[in-house]
1. Considering the chain as a Gaussian network with a 10 Å cut-off on Cα pairs, which listed residue, 13, 79, 66, attains the greatest mean-square fluctuation?
2. For the stretch 72-165, what value does the Rg/Rh ratio take when both radii are computed over Cα atoms and Rh is the Kirkwood radius, given to two decimals?
3. Could you work out how far apart the two model spin labels at residue 74 and residue 165 are, taking each label as a point 7 Å from the Cα in the direction of the beta carbon, and quote it in nm?
4. Of the listed values [x] 20.2, 64; [y] 16.6, 49; [z] 17.2, 55, grab the one calculated as Rg and Dmax of the Cα atoms in Å from the structure here.
5. Taking the Cα centre of each part, how many Å lie between the stretch 132-174 and the stretch 17-91?
6. Taking 0.36 nm per residue of separation and subtracting the Cα-Cα distance, what length does fully extending residue 3 through residue 192 add?
7. Take peptides 116-123, 34-41 and line them up by average Cβ neighbours within 10 Å, highest first, as a rough protection proxy.
8. So, by mean Cβ neighbours within 10 angstrom, what's the order for 146-152, 170-176 with the highest one leading?
């Protein structure tokens with residue numbers, strides 16, 4: 001492998017830390033940056049810093065947002081009697097593309113995975129139970145929790161854990177139907193498949 005100058009080597013190493021980016025892809029990205037005008041690179045660097053400075057967790061649903069509460073939680077037109085639980089913020093986007101779900105969300109930022117040392121305490125679940133009380137939900141009683149975790153081993157384990165956690169409280173807990181290949185991520189599901197999965201959800 002060629003020996004690059006220290007700044008280039010450091011840039012390649014940083015790109016390699018990104019998910020899904022290997023050595024060759026990191027090199028291509030680094031040399032792409034080198035070919036760009038300095039103003040464009042500066043704008044890119046500023047956007048990276050800005051997203052770290054301005055983006056926070058929504059205090060209600062844990063979504064990534066620049067306003068708290070986020071636009072979904074603050075929208076008076078959303079159905080506050082339904083809460084859809086997803087693993088990551090981009091899963092929320094996949095569901096919103098269907099335009100058929102009008103309720104609220106709760107983002108876990110992960111899924112249960114004993115192999116990776118991720119237990120219930122590592123998921124953002126602590127603020128879910130308080131949301132079920134009408135006084136914390138604009139006076140509206142939550143009638144249904146839709147568990148829309150990924151159809152993977154970790155996602156199923158997470159769904160079962162949430163069901164066991166919420167069932168004693170008397171709230172209806174449903175799971176989205178498996179209208180998608182097992183082992184895939186919600187991020188890559190098309191709108192029609194996601195719409196079918198939401199429509200055909202079942203109780204767990």
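Computed from the coordinates by the stated procedures, all read-outs in this text should not be read as laboratory data. Predicted model, so just to flag it, every value in this text is computed and none were measured. Here Cβ is always computed from backbone atoms with ideal geometry, including for glycine, and neighbour counts include all displayed protein chains.
1. Among 13, 79, 66, the largest GNM mean-square fluctuation belongs to 13.
2. The Rg/Rh ratio comes out at 0.97.
3. Here the modelled spin labels are 2.7 nm apart.
4. Answer by label: [x].
5. Answer, in whole Å: 26.
6. Extending this stretch completely gives an extra 63.2 nm.
7. Final packing ranking: 116-123, 34-41.
8. Most protected by this proxy first, the peptides run 146-152, 170-176.
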